[in-house]
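All remarks here apply to the structure that follows.
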Amino acid sequence: QVQLVESGGGLVQPGGSLRLSCAASGSVSSIYNMGWYRQAPGKQHELVATVTSGDSTNYAASVKGRFTISRENAKNTVYLQMNSLKPEDTAVYYCIANLPTQTYWGQGTQVTVSS
């Protein structure tokens, strides 16, 4: 079992920045990938970014160049630095952790980009 706790969401103006954090606890030694998904109102979940245990990263085209995912293995924490935020980035952001037999999800944190 893995527990994921996200933090760092909030309201920001267009062009602003936010940093999301996700702390994992429990069977963390079994985690290989971690990442972030988001879900905007009326839309399906969308992959935002992932990072492997070897620090290889992958980004959705819509956030590439603006968002940076990083992982601090000593703290079992993954971060999402979001810059140049746009109104279309408004969504609930979910942290995920991939284990060999299961994927765990956090409870989600709201990010709202609005003037």
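Considering only residues that are in a loop (DSSP other than H, G, I, E, B) and either among the basic types (Lys, Arg) or open to solvent by less than 30 Å² (accessible area, probe 1.4 Å) (or both), which ones fall in the stretch 8-27?
16
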Scan of the stretch 28-53 for residues that are under 19 Å from residue 75 (Cβ atoms) and either open to solvent by less than 60 Å² (accessible area, probe 1.4 Å) or hydrophobic (A, V, I, L, M, F, W, C) (or both), ordered by number: 28, 30, 31, 33, 34, 35, 36, 49, 50, 51, 52
Cβ-Cβ under 7 Å pairs, at least 6 apart or on other chains, the stretch 25-44 side modelled with pLDDT of 95 or more, far side outside any strand (DSSP E or B) and open to solvent by less than 60 Å² (accessible area, probe 1.4 Å): 40/90
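Can you pull out every residue in the stretch 37-60 that is hydrophobic (A, V, I, L, M, F, W, C), under 19 Å from residue 113 (Cα atoms) and out of contact with any Phe, Trp or Tyr (no Cβ under 6 Å at 6 or more places or on another chain)? Give the steps one after another, and end with the answer.
The first filter runs over the stretch 37-60 and keeps only residues hydrophobic (A, V, I, L, M, F, W, C), leaving 40, 47-49, 51, 60.
If we keep only those that are under 19 Å from residue 113 (Cα atoms) too, we end up with 40, 47-49, 60.
Listed by number, the residues that qualify are 40, 60.
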Among all residue pairs at least 6 apart or on different chains, which show Cβ distances below 9 Å where the first residue, located in the stretch 46-63, is without any contact (Cβ under 8 Å) to a residue 60 or more places away in the chain and the second is acidic (Asp, Glu) and part of a strand (DSSP E or B)? 60/46; 62/46
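The values are calculated or read from the model by the stated rules, or taken from the named source; none is laboratory data. Everything numeric in this text was worked out from a predicted model, so none of it was measured. Glycine gets a Cβ as well: all are built from the backbone with ideal geometry, and neighbour counts include every protein chain shown. Calculation scope for accessible area: heavy atoms of the full protein, side chains included, ligands and nucleic acids excluded. Shrake-Rupley method; radii C 1.70, N 1.55, O 1.52, S 1.80 Å.
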